[in-house]
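Next up is a structure, given as structure tokens.
The values are calculated or read from the model by the stated rules, or taken from the named source; none is laboratory data. Owing to the predicted nature of the structure, the values given are computational and were not obtained by experimental measurement. Cβ coordinates were reconstructed from backbone atoms using ideal geometry, including for glycine residues, and neighbour counts include every protein chain displayed.
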């Protein structure tokens, strides 16, 4: 074999090796690209979960507290009595109660007593007009308290009953009602009324008056 022939063979072998190397590199590159494509398209579930965990903010589950049970308001019956329709509303030119007896009689009264009677009459009309304009608990109780101070216990009872229909939870009308009944000589009715109220609502004032009346028996 001549030297030229040998060099020619060596060049051919080098070219073949180079082509083979290029084919191997191309095949490896193709396999790598195919692997990357398969992994991208058919990536496993854990990869997606990991991706979500890293990108998605974690939101703590909202704990819903059970709704609080609101106690049903206690329904207290109003003061038992005769028909409240019988309660007369004082008018400007009408007198329901005469604080001092003989105000309209021909008998002359002492000046001081006459002034007191006139003031009582004016106050009665004022309270009556207020209730006529705005019939509510405040004005009804004001009339009951007014008559109680004048010792007009029958009228006190009627207006205490009327006030109780506007606010059955207030102990004030019940106290006036019981006091009026007690002054009229009906202690048992006063005690029963106070006990009934306490069976629905606790009131220190009502309890104190009830204890006092029971001690009088």
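Out of the stretch 206-217, which residues are part of a helix (DSSP H, G or I) and loosely packed, with under 13 Cβ neighbours inside 10 Å?
Hits for the stretch 206-217 are 208, 211, 212, 214, 215, 216.
Mind counting the residues in the stretch 162-192 that are under 16 Å from residue 75 (Cα atoms) and either more than 30 Å from the chain's Cα centre (by Cα) or surrounded by fewer than 24 Cβ atoms within 10 Å (Cβ to Cβ) (or both)?
The qualifying residues number 7.
Could you tell me which residue of the stretch 194-205 is surrounded by the fewest Cβ atoms within 10 Å (Cβ to Cβ), considering only residues that are in contact with a helix residue (DSSP H, G or I) (Cβ under 7 Å, 6 or more places away or on another chain) and farther than 22 Å from residue 136 by Cβ?
Restricting to residues being in contact with a helix residue (DSSP H, G or I) (Cβ under 7 Å, 6 or more places away or on another chain) and farther than 22 Å from residue 136 by Cβ, the top hit is 195.
Another question, then. Conditions first: (1) touching a helix residue (DSSP H, G or I) at 6+ places or on another chain (Cβ under 8 Å); (2) free of Cβ contacts under 8 Å to residues at least 60 places away in the same chain; (3) not in a helix (DSSP H, G or I). Residue 189 passes all but one, so which condition is the exception?
Condition not satisfied by residue 189: (3).
For the list (1) surrounded by 10 or more Cβ atoms within 10 Å (Cβ to Cβ); (2) at pLDDT 65 or above; (3) in contact with a helix residue (DSSP H, G or I) (Cβ under 9 Å, 6 or more places away or on another chain), I need the number of the one condition that residue 117 fails.
The number of the failed condition is (3).
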